[in-house]
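What follows is calculated from the coordinates using simple rules that are stated; it is not laboratory data. The structure displayed is predicted, hence computed values, not measured ones. Reconstructed Cβ throughout: ideal geometry from the backbone, glycine too, with neighbour counts over all protein chains shown.
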Amino acid sequence: MNGGSYFLVLLTAAPGAGPRRPDHETFVDSLVDRQLVLLGGPLGEGDAAYVLRCGSLAEARDVVAADPLVTSGACAAAVTPWDLVGVDLRLVDPDLVVDDG
């Protein structure tokens, strides 16, 4: 994907939310396949975050609205533009890099 802007997605677990949903992992895999997610992972107990690269805030919100953690009510989502100023790839664990090509 060329162009686009970055958006930070913060997922906050709803009170009493159960364990992570396996369909969320499938959803994230689909974002990887579509080259929409830069990075992501859990934050403490129940919360999570990921960074999207989309053409607009509206597109990012549409992507997040389809997240099973959001559609099920297990998490509330906040989406905010992120003016990413750099990434030092030397600091990224090579086992975490997805490179199809």
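Per the helix-only calculation at 222 nm, which mean residue ellipticity applies to the chain, given -39500 (n - 2.57) for every DSSP H run of n ≥ 4 and division by its residues, nearest 500 deg cm²/dmol?
Computed ellipticity for the chain at 222 nm equals -7000 deg cm²/dmol.
Show me, bin by bin at 10 Å from 0, the whole-percent P(r) of the stretch 5-78 based on Cα pairs.
Reading the bins upward from 0: 20, 59, 20, 1.
So which trypsin sites (Lys or Arg not before Pro) in the chain pass both tests, a DSSP loop state and at most 15 other Cβ atoms within 10 Å of the Cβ?
R34
Just grab the label-to-label distance for D93 and L57, each label 7 Å out from Cα along the Cβ direction, in nm (one decimal).
Roughly 3.4 nm, to one decimal.
Which FRET efficiency, nearest 0.05, do L84 and E45 yield, Cβ-Cβ r, R0 25 Å?
According to the calculation, E is roughly 0.40.
On a 0 to 90° scale, report how tilted helix 22-33 is relative to the longest principal axis of the chain, with both axes built from alpha carbons and the result rounded to the nearest 10.
That helix lies at roughly 20 degrees to the long axis.
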